[in-house]
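Report on one structure; see the data block that follows.
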Amino acid sequence: MDSSQMRCPGQSTMFWKPDDIYDVACPNCGKGVEFWKDDARRTCECGHRFSNPKQDFGCLAYCRYAENCMPEMFQGESLQAIYRDRLIASIAQALKLDAAQRGRLSQAAELSQVAVAERECEPRVATAAALMLHLVDEAKSGAPTLCEDRAREILSKLGTEAQVVDLICAMVWRGSGAAA
């Protein structure tokens with residue numbers, strides 16, 4: 001069988017389960033948007049287009065056919081955008097953020113991209129640290145807060161390596177003066 005006939009078992013609908021089609025709250029307005037597990041992005045009724053927060057491309061990190069299977073993922077900032085969108089959605093869900101809070105969280109993520117470009121730092125670290133610091137600042141005004149343990153749980157569920165989680169938490173909880 002040549003590579004043109006090959007199909008990734010993870011993308012074959014033959015192996016899908018009922019929970020491979022699900023609703024995700026729009027990060028902009030909070031309305032449910034239906035995703036299939038292989039959808040990369042969808043557009044909400046409000047017009048906001050966002051990435052599938054449950055889509056898992058962990059295989060792209062190790063599969064030797066990754067560039068052939070998903071060439072669009074290796075162009076530009078696609079993998080960074082997926083991580084950022086999944087992180088925002090996970091935090092918003094964990095803290096039950098309202099639309100305004102989700103919007104401010106998205107703005108913080110956008111600002112983190114400036115740090116990535118200017119300082120040439122690791123995108124996941126800069127994005128996650130910016131979001132966590134934003135939540136520390138929000139907590140001072142009575143908004144929902146994110147403790148270090150909860151942050152570690154969210155980051156780990158997204159597949160963030162342990163040493164990266166440690167670095168992010170050290171930057172946020174020990175660098176900001178926030179309580180651990």
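For Phe15 and Glu122, FRET efficiency with R0 = 25 Å and r from the beta-carbon atoms, rounded to 0.05? Walk me through the intermediate numbers first.
Working: r = 33 Å, r/R0 = 1.34.
Computed FRET efficiency for Glu122 and Phe15 comes out at 0.15.
Modelled spin labels at Ala170 and Tyr22, positioned 7 Å past Cα toward Cβ, are 3.2 nm from each other.
I need Val114, Val165 ordered by Cβ neighbour count within 10 Å, fewest first. Kindly include the intermediate steps, with their values, before the conclusion.
Numbers: Val114 11, Val165 21.
Ordered from fewest to most neighbouring Cβ atoms within 10 Å, Val114, Val165 come out as Val114, Val165.
Residue exposure proxy: Met132, Met14, ordered by other Cβ atoms within 10 angstrom of their Cβ from fewest to most, comes out as Met14, Met132.
Taking amide H positions as modeled 1.01 Å from N, with prolines and chain starts lacking one, the residues under 5 Å from Val33 and 5 or more places away or on another chain are Val24, Ala25, Cys26.
For the pair Arg152 and Glu34, a Förster radius of 41 Å applied to the C-beta separation gives a FRET efficiency near 0.85, rounded to the nearest 0.05.
Here, each number is a calculation from the coordinates, and none is a lab measurement. As the structure is a prediction and not an experimental result, all values here were calculated from the model. All Cβ positions, even for glycine, are placed from backbone atoms using ideal geometry, and neighbour counts span all protein chains on display.
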